[in-house]
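First the structure, in the form of structure tokens, and then the observations on it.
Read-outs throughout are calculated quantities, based only on the coordinates presented, and are distinct from any laboratory measurement. The shown structure was predicted, so the numbers you read here are calculated from the model rather than taken from an experiment. Cβ placement follows ideal geometry from the backbone for every residue including glycine, while neighbour counts extend to all protein chains displayed.
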Amino acid sequence: MPRKPRVQSRHSRSGTGSTASPSGASGSTPRRAGPARRSEPPIFWQCQSCGAPVEPQFGTGIDSWCPSCQAVGTVAGMEGQYPSPPLYGAWAARQARRKEQEQTQAELTDLVQLHHSLTKQEQIMKRTKTHTGTFHCPTCFSEVELVNEESLKCDKCKGPLAQGSLDEIWADDDDEED
Ligand SMILES: [Zn+2]
Ligand SMILES: [Zn+2]
């Protein structure tokens, strides 16, 4: 069975075309799709060091650079598939794990910050809860000077203390009774 050199001529059809076309005669003729690149399977570029997929703009071979691991000269390509799928799998697993870790870390940071702000609020509330100044008991008419006192209770009758000195109260009472 005589072999036809068809397979070979298919690739270099435009270059060594038998029928001499008027090359260069008319610039308006649309360029024929020479090597049928579109029908070829896409090339998948991958860093052979870390397994990350690498965009073709990062180069290939010696002049390549991997944006994932910053390695130089590690990018290789293969038609239709990554040169090393297991390497890609390992890389993808690492990425997923790192993402998870980052998320956990972020959640942890949020929690810590929340705790901090809550503690701060608590401290502020505690601080504002204490009472300093002149207070009096409206039940037994005793006057007390408080400094950072938390409870507003009369020592004698355990009743609630009111702000202000007794003098002010007497003055008010006088006004009301008049
Ligand atoms: Zn890499
Ligand atoms: Zn009292």
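Assorted remarks:
- Computed over region 40-126, the ratio Rg/Rh where both radii use C-alpha atoms and Rh is Kirkwood: 1.37
- Peptide packing for 156-168, 50-62 was compared via the average number of neighbouring C-beta atoms within 10 Å per residue; ordered from the highest value, the list is 50-62, 156-168.
- Theoretical gain in end-to-end length, Ser165 to Ile43 [0.36 nm per residue, Cα-Cα removed]: 35.0 nm
- Remark on Ala52: its backbone amide H falls under 5 Å from those of Cys47, a criterion applied only to residues 5 or more positions apart or on other chains, H modelled at 1.01 Å from N.
- Isotropic mean projected area of the C-alpha convex hull, region 130-177 (nm²): 3.1
- Amide proton proximity set for Ala71, modelled H, under 5 Å, gap of 5+: Cys66
- Extension gain, Arg94 back to Leu108 (0.36 nm per residue minus Cα-Cα distance, nm): 3.0 nm
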